[in-house]
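First comes the structure, then the notes that go with it.
Nothing in this text is a laboratory measurement; each read-out follows from the coordinates by a stated rule. Predicted, not measured: the structure shown is a model, and the values here were computed from it. Positions of Cβ are generated from backbone atoms using ideal geometry, with glycine treated the same way; all protein chains shown enter the neighbour counts.
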Amino acid sequence: MKKVIFGMCAVAMAATTFTFAAPKVANKDKPLVWYNRQPSDPVSGKIDMAAMNHNAGTLYVGFDAAGGGTVQGKMIVDFIQAYGEKIDRNGDGVIGYVLCIGDVGHNDSKARTQGAREALGTWAGSTDPGKAKEGSLTVGGKTFKVVELEGKAMTGLDGSTWNANAATDAMGGWATKFGNQIDLVVSNNDGMAMGCLQASNYPKGVPIFGYDANADAIEAIGRGELSGTVSQNCDAQATATLQVLRNLLDGLTGAEVYQNGITKADKASGSKISADMEYVASTKALLAKNAPVTSANWKSYTAGNRDAGIKQSKAAKKKVLVTVYNGGDNFLSSSYVPALRYYAKLLNLNLTIVQGDGQNESSCLDKMANPGAFDAFAINMVKTNSGKDYMDKLKY
């Protein structure tokens, strides 16, 4: 009897197929992309390389901030040259402008402020409000003084930066204070530019320039209300954020992580981002190039134009946790997040998006309740020097 029982057990064991679960990956070792807000010191702008070296699978995806400031500045000056001497509304020989600053501690805001001031000749070596000198421009053979009447950081009553409502209030005050001395309005982003246009006393016909190429801003250019904006190629950034994570999750290493499906076609799907991207090895940053958007080309940037170069992936589905520093941010909510959702489906990534209040890092961190349930992370911080807070959250 014992032999029979032993034989039956042996047969049963032989017929059993044993499977082993894949080793669990610690959160600290999972792919991480910092996006839109580059880990950096808010005063010096120095990149936080501790955050960038969180693990071997950590990169930053954004756009060429310094180049973007230059693009906006050139666009403004080109507009002035085409507009001619009538840019000087009151004929006093001075081109006066007001400047909406997004966040004095944000690298992108600094670059845009510097780019505008350099182009207009008012750069005095600082991006702080009120730190501009008198410049000059020759328009139609006549030389005009250029004066920054006032620059102001647009901070809301709740402490949030890049605040459109604050820009509306500021513009109302500027229109009353400076009257026809205001010849143009420059803004670090579209949200604040559109906020300025909401001021009841906005001086009709005064040129105004934004940055981001948000859908409502593009439409405003089409209506002749906004004079120009800059596309930071949001779709390219959103796709690159996800493609980098996809590449890391699929086991790619080295240059393949920031090239596959980005600057060269994905071997499996043939996908490739259409916009120009550049990798900066020293800061582990993958950057999209910028382009001016004006009345001459605005139709090419209307809503719904997605990158046809991105094809459906057959890779295994993975889960990604995405943080957004402020659910009320116009660029992120109207442009970036919809793009993330669109391309995530093509890359077989299941996104969980948590949104902060734009003031406190805890508004994002507290919503990262179960990081172990995700395969990778895409993080957009409230403050650019908060990398350590997220690394602490993901240290196990």
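Think of it as helices only: each DSSP H run of n ≥ 4 in the chain is worth -39500 (n - 2.57), and spread over all residues that comes to -9000 deg cm²/dmol at 222 nm.
Before anything else, pin down the relative contact order of the stretch 265-332: Cα pairs under 8 Å, at least 6 apart, normalised by residue count, whole percent.
Working: 43 pairs, mean separation 23.1, N = 68.
About 34 percent, as a whole number.
In the frame of its principal axes, the chain has Cα extents of 113, 38, 37 Å, reported largest first. Mean sequence separation of contacting Cα pairs (under 8 Å, at least six apart), scaled by the length of the chain, corresponds to a relative contact order of 19 percent.
Only beta bridges with both residues in the chain are counted; by DSSP, about 30 percent of them are antiparallel. For the charge dipole of the stretch 245-396, defined by +1 on Lys and Arg C-beta atoms and -1 on Asp and Glu C-beta atoms about the Cα centroid, which residue among V382, S362, V257 has the Cα displaced farthest towards the positive pole? Result: V257. Among the listed pairs K110/K284; K24/K388; K145/K204; K46/K388, which have their C-alpha atoms separated by more than 27 angstrom in this model? Long pairs (Cα-Cα over 27 Å): none in the table.
Taken about its Cα centre, the chain carries a charge dipole of about 1700 debye when Lys and Arg each add +1 at the Cβ and Asp and Glu each add -1 at the Cβ. Sequence-distant contacts, meaning Cα pairs under 8 Å at least 6 residues apart, place the relative contact order of the stretch 91-239 at 22 percent.
Separation of the stretch 316-372 from the stretch 24-73 is 16 Å, based on Cα centroids. Beta bridges per DSSP, both residues in the stretch 212-316: antiparallel share near 90 percent. Taking the Cα centre of each part, how many Å lie between the stretch 158-200 and the stretch 80-131? Cα centroid to Cα centroid, the span is 14 Å. Estimated at 0.36 nm per residue, the fully extended path between K319 and N90 surpasses their Cα-Cα distance by 76.6 nm. Modelled spin-label separation between R306 and K367, with each label point placed 7 Å from Cα along the Cα-to-Cβ direction: 2.3 nm.
Rounded to the nearest 20, the Cβ-based charge dipole of the stretch 119-205 about its Cα centre (Lys and Arg +1, Asp and Glu -1) stands at 320 debye.
Using a ≥ b ≥ c from the Cα gyration tensor of the stretch 237-281 (square roots of the eigenvalues), is it rounded, prolate or oblate, where a/c under 1.5 gives rounded and otherwise the larger of a/b and b/c decides, a/b for prolate? Present the calculation step by step, with values, prior to reporting the outcome.
On the way: a/c = 1.43, a/b = 1.11, b/c = 1.29.
Cα axes put the stretch 237-281 in the rounded bin.
The aspartates and glutamates whose alpha-carbon is closer than 19 Å to the alpha-carbon of K142, local same-chain residues fewer than 8 away aside, are D78, E85, D88, D92, E134, D183.
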